[in-house]
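Undergrad: Below are the structure tokens for one structure; questions will follow.
The values are calculated or read from the model by the stated rules, or taken from the named source; none is laboratory data. Please read these numbers as outputs of a predicted model, since none were measured by experiment. Note that we place each Cβ from the backbone using ideal geometry, even for glycine, and neighbour counts take in every protein chain shown. These accessible areas exclude ligands, DNA and RNA; they are computed on the full protein's heavy atoms, side chains included. Shrake-Rupley method; radii C 1.70, N 1.55, O 1.52, S 1.80 Å.
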Amino acid sequence: MHIIKRKTLLEFWAKHPDSEQALKTWYAVVSKASWNGPADMKKIFATADILKNDRICFNIKGNNYRLIVKVIYELQRVYIRFIGTHAEYDKIDANAV
């Protein structure tokens, strides 16, 4: 998968250094993956939540943070739409970001 907006992850872990290793691991796994649909993703990330509008919510660092991406399976692209704390996540519409 080709991940769009890696800079978002870099900026986030600069503010939240405890998330750096977990985000680097997520990035490494996803960038090597090839998903044809949500079922393929769930084989790797069983605790991820499948949302509306081709979005997925990943729990990062033992569920301390939330990462929302939009996936275009046909193009093998993952767009980072949001990363934040649970408090920040509670303030957004995860299906629309």
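Undergrad: For the chain, what does the helix formula give at 222 nm: sum of -39500 (n - 2.57) over DSSP H segments with n ≥ 4, over the residue count, nearest 500 deg cm²/dmol?
TA: Helix contribution divided over all residues of the chain: -9500 deg cm²/dmol.
Undergrad: Net charge near SER34, counting Lys/Arg +1 and Asp/Glu -1 over other residues with Cβ under 15 Å of its Cβ?
TA: Summing Lys/Arg as +1 and Asp/Glu as -1 gives +2.
Undergrad: Give me the compactness ratio for the chain, meaning the Cα radius of gyration over 2.2 N^0.38 Å.
TA: Against the compact-globule rule of thumb, the ratio is 0.99.
Undergrad: Still on this structure, I have one more. Over the chain, with every protein chain in place, what whole percent of the accessible area is carbon and sulfur at 1.4 Å, could you tell me?
TA: C and S fraction of accessible area: 50 percent.
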